[in-house]
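What follows is one structure encoded as structure tokens, with my remarks underneath.
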Amino acid sequence: MHWTSLSRIGYVLSYFLPIFAASGFLVGLIPFGQLGKALGDLFQSVATSPSSSLAPESEAVPPILWAWLPVTIAFLIRFATWKSQASSVFDPHRSVGRVERFFGPLYGQTTGLLDNKWITDRFFFTGPMLFLIACALAALLRYRLTKPRKPQTNAETGDPA
């Protein structure tokens, strides 16, 4: 039974970006910090040394929320500097098919868009960027939904004491 008529390579090249973005979103929903704390509590009796205790979580912004930034900057540089083989001599800065090359499916690619750097652009720039942006969005959503709310004091509510 086949879900598609594409070969394995064709399927991977066509659906890599959506699958990579969806997997990034799912990874972002996993609370790795709390899992580490739970494993540490579980195995606390096995390894009871003061150096193995985990530091308390700070109120700083988690690194996963910023991980997308350097990869996105690298992608934007590559996206802006890419030139099509079919670009015009009169307008070399306007490359035809720029969005299709980086985000389009395999069947949408023309021979002018497929060159020896297409795989590199797709797997080293676009894929990781989409993965990390989706992961950061899911982590932000998870932090917003699971963050414990602080009780309001009388000064914040305006009620006299």
Qualifying position, being over 28 Å from PRO128 (Cβ atoms), modelled with pLDDT of 70 or more and not aromatic (Phe, Trp, Tyr), among ALA38, ALA47
ALA38
Search result, residues across segment 125-161 that are in a helix (DSSP H, G or I), at pLDDT below 80 and either of a type in the set (A, V, I, L, M) or open to solvent by 70 Å² or more (accessible area, probe 1.4 Å) (or both):
ASN154, ALA155, GLU156
For segment 110-124, give me each residue that is free of Cβ contacts under 8 Å to residues at least 24 places away in the same chain and open to solvent by less than 20 Å² (accessible area, probe 1.4 Å).
TRP118
When you check ILE77 against the structure, is it at pLDDT 80 or above and surrounded by fewer than 12 Cβ atoms within 10 Å (Cβ to Cβ), yes or no?
yes
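The values are calculated or read from the model by the stated rules, or taken from the named source; none is laboratory data. No experiment lies behind these values; they were computed from the predicted model shown. No Cβ is skipped: glycine too gets one built from the backbone with ideal geometry, and neighbour counts run over all protein chains shown. Note: accessible area is taken over every heavy atom of the protein model, side chains too, but ligands, DNA and RNA are not part of it. Shrake-Rupley method; radii C 1.70, N 1.55, O 1.52, S 1.80 Å.
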